[in-house]
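Working notes for the structure below.
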Amino acid sequence: MRDLDESIQWYEAVLGMKLERIGSLASPEITGRNAFLVRDGLRVEMWALEGAAPVPPERLAPNTDLLTGGTKHIGFEVDNLQSVIDEMVRQGVDIATVQRHRGEPHLFEEHPETEPGKSKKPAFAAFSRDPNGALIELLDPGQAGQAR
């Protein structure tokens, strides 16, 4: 990750997480800082390491990321996802894709937010990107007609 402090601020502002602690590591092989953020019993650890490569282009989009092995992304269940997307757009968050109908693919939308006078089915799932390009999935099971 490029900027740990920027990422901490983003996760606090956008996902409502709280900084638990910051640490550092200095060894002959790895030098950097890490942070733990928490919310509702979930703990996320982030690292900013000297000389780390950025997220490769194929990992920036949900559909191509699935073609690469390893950990995919973190995901959160949210109530009223469409209103969350609306707020994220107001905050300038990068919305990668939106899924409005079960069984249909995630698609990029130029305007994923609710637009006055335009009717669109509320989103049931979406992917956003954090400041470093890591994918974050948001899912509204109620909108998908699923029981929690």
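The values are calculated or read from the model by the stated rules, or taken from the named source; none is laboratory data. Quick caveat, the model's predicted, so the values are computed rather than measured. Note that we place each Cβ from the backbone using ideal geometry, even for glycine, and neighbour counts take in every protein chain shown. Surface areas here come from the heavy atoms of the whole protein model, side chains and all, with no ligands, DNA or RNA. Shrake-Rupley method; radii C 1.70, N 1.55, O 1.52, S 1.80 Å.
Just so you know, in the range 32-79 the residues that are acidic (Asp, Glu) and not in a loop (DSSP other than H, G, I, E, B) include one that is surrounded by the most Cβ atoms within 10 Å (Cβ to Cβ), and it is 65. Could you check, for the range 129-140, whether at least one of its residues is surrounded by 15 or more Cβ atoms within 10 Å (Cβ to Cβ), modelled with pLDDT of 85 or more, of a type in the set (Lys, Arg) and part of a loop (DSSP other than H, G, I, E, B)? No: zero hits.
Considering 83, 24, the condition of being modelled with pLDDT of 90 or more, polar (S, T, N, Q), open to solvent by 70 Å² or more (accessible area, probe 1.4 Å) and out of contact with any Asp or Glu (no Cβ under 9 Å at 6 or more places or on another chain) is satisfied by 24 alone.
Residues in the range 6-21 that are farther than 22 Å from residue 87 by Cα and surrounded by 11 or more Cβ atoms within 10 Å (Cβ to Cβ): 20 alone.
A Cβ distance below 6 Å, combined with a sequence gap of six or more or placement on separate chains, defines the contacts here; from the range 106-121, residues that are free of Cβ contacts under 8 Å to residues at least 40 places away in the same chain reach residues that are among the charged types (D, E, K, R) and open to solvent by less than 100 Å² (accessible area, probe 1.4 Å) in the pairs 113/86; 114/86; 121/100.
Of the listed requirements (1) among the small types (Gly, Ala, Ser); (2) part of a loop (DSSP other than H, G, I, E, B); (3) touching an Asp or Glu at 6+ places or on another chain (Cβ under 6 Å), residue 117 misses just one: (3).
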